[in-house]
Amino acid sequence: MAEAEGDPRDLVKLTHDKLSVDTVSDSVTCPSCGAISIFIGTTRNSFEGMKVVQLEYEAYIPMAESELRKIYADIRARWPTVRHICVHHRLGVVPVTEASVIIGISSPHRRDSLEAVQYCIDTLKGTVPIWKKEVYEADESCWKENKECQWT
Amino acid sequence: MAEAEGDPRDLVKLTHDKLSVDTVSDSVTCPSCGAISIFIGTTRNSFEGMKVVQLEYEAYIPMAESELRKIYADIRARWPTVRHICVHHRLGVVPVTEASVIIGISSPHRRDSLEAVQYCIDTLKGTVPIWKKEVYEADESCWKENKECQWT
Amino acid sequence: MTTEVSVFYFAKSAELTGLKSETIRVASELTTVELWQDLVSRHPRLSAVRDSVVLAVRQEYLALGDVRVSLRDGDEVAVIPPLSGG
Amino acid sequence: MTTEVSVFYFAKSAELTGLKSETIRVASELTTVELWQDLVSRHPRLSAVRDSVVLAVRQEYLALGDVRVSLRDGDEVAVIPPLSGG
């Protein structure tokens, strides 16, 4: 069955375009899977009482892609039934309520993709070289730090 | 902040139409939330070696809606920061690879919506009066039983 | 005392009765197992699923057994085979 | 022995240097803390983030410290402030 469907897909996209949940969902759909789990990170409108106008993301693109592929390898080792994995991360300006990251993972049974999606976002925040600057009202801004980042 | 954004939404739709991940995702998006977690249940192409041609779902619709709202109340008690909850379940014929159920939950921080989505699908399978018949090649068919169903 | 209720059949139980729903007159005070026996007397093939169903009365689950129910005119009763939604 | 490498600055470190990237000539055998000191000598304001950055050499993370690296022509070095993707 797996052979007839082709190889598992490891998909990565870093883009300045608006992200689409349907696109990520479609890219991990497969006939042998009963479950697709998706996580969407969106821009919040406030941080510690300050009104956030927008976020700006930048990435060390080739290293971000290689760190994501390390996460994919970890996921495949820990959840061998996981079929397709897709991460789309937006760069540049992301307005409030729009998605900065969408992760989609498919598996025959739901437990695996649900656990893998949680592992993927937790690990992404700790290891993938991407940075977010929050821009507040009154032109202030602040580079953020993920608590998952190990060295600070 | 919460008041300015209106009340939390408890959304339920049982429909014969094809489901849309974007629609569910949009319906739970909110400016104060940084996380949307989504689970999609899709039709698999085989069961114990038999080729599945399609699934057919039927529901005790008013009771399914009231059981879903009981689950929503449980979620809000266990994860008070959860903001919007949406379940779309398809009825009638669902072809292979199409979604039978999509669950979307938003929360300010990701842990809550990730856990709540897992609780929602686990509990839905055990308590919401919906039934699935698998139709195999050669016109055979079988009513399925969720292992989460408590009385069998 | 009897009362008129709507009975809904789903999944396997609908196949066995050949019905999606019907309106019947039953005793207004009875146990769930007596209610089930009333349904089986109308549809003997239902006995095949005795061990795998529960009932719903006014859209609340009730196990088959010595569980008392009071039925009123227009109440909904449903035969609930093992669930398989999701 | 010296070698020519590309250095990339991100987030706060790019703001402090005023640069996204530059090509520099450095010793080909050195420790990560020596490499950092070389960068600080070119961009003194970088010292403000000494305790919150790591380096990446050939796209692999390396802590600042007594960690030996061998650089070859064309290698990529990056200053990596605390991550905040996702």
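Within the stretch A:115-142, being under 15 Å from A:Asp74 (Cα atoms) and touching a residue at least 40 places away in the same chain (Cβ under 8 Å) holds for A:Ala116, A:Val117, A:Gln118, A:Tyr119, A:Cys120, A:Ile121, A:Thr123, A:Leu124, A:Thr127, A:Val128. In the set (1) away from every other protein chain (no Cβ under 11 Å); (2) in contact (Cβ under 8 Å) with a residue 40 or more places away in the chain, the condition left unmet by B:Thr81 is number (2). When residues in the stretch B:66-78 are screened for being more than 9 Å from chain C (Cβ to nearest Cβ) and either in contact with a His (Cβ under 9 Å, 6 or more places away or on another chain) or surrounded by 19 or more Cβ atoms within 10 Å (Cβ to Cβ) (or both), 4 of them pass.
Any residue in the stretch D:52-62 that is assigned to a helix (DSSP H, G or I), out of contact with any Cys (no Cβ under 6 Å at 6 or more places or on another chain), at negative phi and at the interface with chain A (Cβ under 8 Å from one of its Cβ atoms)? Within the stretch D:52-62, one or more residues are assigned to a helix (DSSP H, G or I), out of contact with any Cys (no Cβ under 6 Å at 6 or more places or on another chain), at negative phi and at the interface with chain A (Cβ under 8 Å from one of its Cβ atoms). A residue that is of a type in the set (Asp, Glu) and closer than 27 Å to D:Val54 by Cβ cannot be found anywhere in the stretch A:88-102. For B:Glu134, state whether it is facing chain C (nearest Cβ under 10 Å) and of a type outside the set (S, T, N, Q). Spelling it out, B:Glu134 is indeed facing chain C (nearest Cβ under 10 Å) and of a type outside the set (S, T, N, Q).
Which fully enclosed strands (runs of 3 or more DSSP E) of the stretch A:46-152 have 3 or more residues being at pLDDT below 95? Give the steps one after another, and end with the answer.
Working: elements: A:50-59, A:85-90, A:92-95, A:99-107, A:130-136, A:141-143.
Per the criteria, A:50-59, A:130-136, A:141-143.
The values are calculated or read from the model by the stated rules, or taken from the named source; none is laboratory data. Worth saying up front: this structure is predicted, and the values here are computed from it rather than measured. Virtual Cβ from ideal backbone geometry, glycine too; neighbours counted across all protein chains shown.
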